[in-house]
Amino acid sequence: MTANTLRTFFLLAAMTALFMGIGYMLGGTGGALIALFLAAGMNLFAWWNSADMVLRMHGAREIGPDERDPTLRQYALDVQHLAQRANMPMPRVHVIQTDQPNAFATGRDPRHAAVAATTGLLQRLNREEVQGVMAHELAHVQNRDTLTMTVTATLAGAIGMLANFALFFGGNNRAGLLGTIALMIFAPMAAMLVQSAISRAREYEADRVGAQIMGNPMALASALEKIERSARRTMNPAAERNPATAHMFIINPLNGQNMDNLFSTHPDTANRIHRLRQMAGAAAASRPGPWSQRGPWG
C-alpha cells in the first residue's frame with residue numbers, strides 16, 4: 001500500500017468519523033441515516049451515469065475505429081497500447097473541442113471507462129507527452145478513483161445535509177445554540193477540506209502509476225509543465241459552466257493555484273513535476289518497448 005493510498009484511507013475514515021459525530025450531536029442516528037441514504041442515492045445515480053453525463057457536459061465526441069483524422073487516430077491507438085501495457089480494458093476514447101490543453105477520465109469501473117483529451121492538448125503536446133497524460137488518466141481508471149471520489153462526495157453531501165438539519169432542529173441537539181451555529185459553518189468546511197485532500201492524494205498517485213505505465217516520468221512532467229502554462233491563459237467555457245467537474249481534469253481548468261492550499265482539488269503543478277523528476281532520478285525510466293498486441297486500432 002502506497003503512502004497516498006494509506007493517506008486516502010485515513011482521510012475517508014476521518015470523514016466517516018466526522019459524519020457519525022455530527023449525527024450524535026444532532027441527537028441520534030435516525031436523521032443521520034436518512035441523510036446518508038438520500039445522499040447515497042443521489043451519488044449512486046450520478047456514479048452510475050457519470051461517464052455519459054460528464055462527456056455530454058463537455059461536448060465530447062467519441063473516436064471510432066473508422067476515424068480518418070490521423071492525429072485523432074494516433075491518439076486513440078496510443079490509448080489502446082497504453083491500456084494493453086497496463087493490462088486493462090481499452091476505454092472509450094473521446095476528444096473535446098476546446099483550445100485549453102487538458103484531459104480527464106470518467107466511468108464507474110475499468111470496463112465502463114472513458115478518457116477524453118482536448119484538441120488544445122493534442123495540438124500543443126508532442127506524441128510522447130500525450131502518451132504521458134493518457135497514462136495518468138488510465139491510472140485513475142485502474143485505481144478506481146471515480147469510486148473513491150463518489151464515496152467521498154456521498155459523505156460530504158451527507159455532512160452538508162446534516163448541517164442543514166441543525167438549522168431546523170437546533171434546539172433539540174446536544175450542541176446547544178452556539179454549537180449548532182458552529183456545526184452549520186464548520187462541518188461542511190471540514191468535509192470540503194477532507195474531500196480536497198483526498199482529490200490531491202489521488203492526483204499524486206495517478207502521476208506515479210501513470211509514469212510507471214508510460215515508463216518515462218519525464219514525459220508526464222513535461223506535459224504537466226506545458227498544460228499548466230497554456231491552461232492559465234486559455235478559457236475552458238464548458239468547465240466554467242460546470243465547475244463541479246473541475247477535479248476530474250489533469251490540471252485545474254478553472255484557475256491556477258500557487259500552492260497545495262486547503263481547498264485546492266489539485267496539487268501544485270510544480271510539486272507534481274518535482275516528484276516525477278525524483279522518480280526519474282531514483283531509477284532509470286524504462287522506455288516503452290515495442291507493442292506487439294493488436295486491437296481494433298491496429
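The values are calculated or read from the model by the stated rules, or taken from the named source; none is laboratory data. Because the structure is a prediction, the values reported are computed rather than measured. We place every Cβ from the backbone using ideal geometry, glycine too, and count neighbours over all the protein chains shown.
Miscellaneous remarks
- Condition check for Met53: aliphatic (A, V, I, L, M) and modelled with pLDDT under 70: no
- Single residue of Gln80, Gln100 found to be part of a helix (DSSP H, G or I), surrounded by 15 or more Cβ atoms within 10 Å (Cβ to Cβ), among the polar types (S, T, N, Q) and at pLDDT 80 or above: Gln80
- Qualifying residue in region 31-48 (condition: farther than 25 Å from Met192 by Cα, surrounded by fewer than 21 Cβ atoms within 10 Å (Cβ to Cβ) and modelled with pLDDT of 70 or more): no
- Within region 225-246, the set of residues being surrounded by fewer than 22 Cβ atoms within 10 Å (Cβ to Cβ) and touching a residue at least 24 places away in the same chain (Cβ under 8 Å) comprises Glu225, Lys226, Glu228, Ser230, Arg232, Thr234, Met235, Pro237, Ala238, Arg241, Asn242, Thr245.
- Residue within region 221-240 that is in a helix (DSSP H, G or I), within 13 Å of the chain's Cα centre (by Cα) and either at pLDDT 85 or above or under 20 Å from Thr152 (Cβ atoms) (or both) present: no
- The set of residues in region 79-107 that are farther than 20 Å from Asp207 by Cα and basic (Lys, Arg) contains only Arg92.
- Selection count where residues are of a type outside the set (Lys, Arg), surrounded by fewer than 23 Cβ atoms within 10 Å (Cβ to Cβ) and in contact (Cβ under 8 Å) with a residue 40 or more places away in the chain, scope region 108-122: 4
- In region 166-218, residue modelled with the lowest pLDDT [restricted to those that are more than 25 Å from Thr106 (Cα to Cα) and buried (at least 20 other Cβ atoms within 10 Å of the Cβ)]: Asn173
- Filtered residues of region 114-131 (kept if part of a helix (DSSP H, G or I) and either over 19 Å from the mean Cα position of the chain (by Cα) or over 16 Å from Gln80 (Cβ atoms) (or both)): Thr119, Gly120, Leu121, Leu122, Gln123, Arg124, Arg127, Glu128, Glu129
- Flag for Arg127 being at pLDDT 95 or above and either out of contact with any Cys (no Cβ under 6 Å at 6 or more places or on another chain) or surrounded by fewer than 22 Cβ atoms within 10 Å (Cβ to Cβ) (or both): yes
- Taken over region 241-258, residues that are modelled with pLDDT of 90 or more and outside any loop (DSSP other than H, G, I, E, B) amount to 1.
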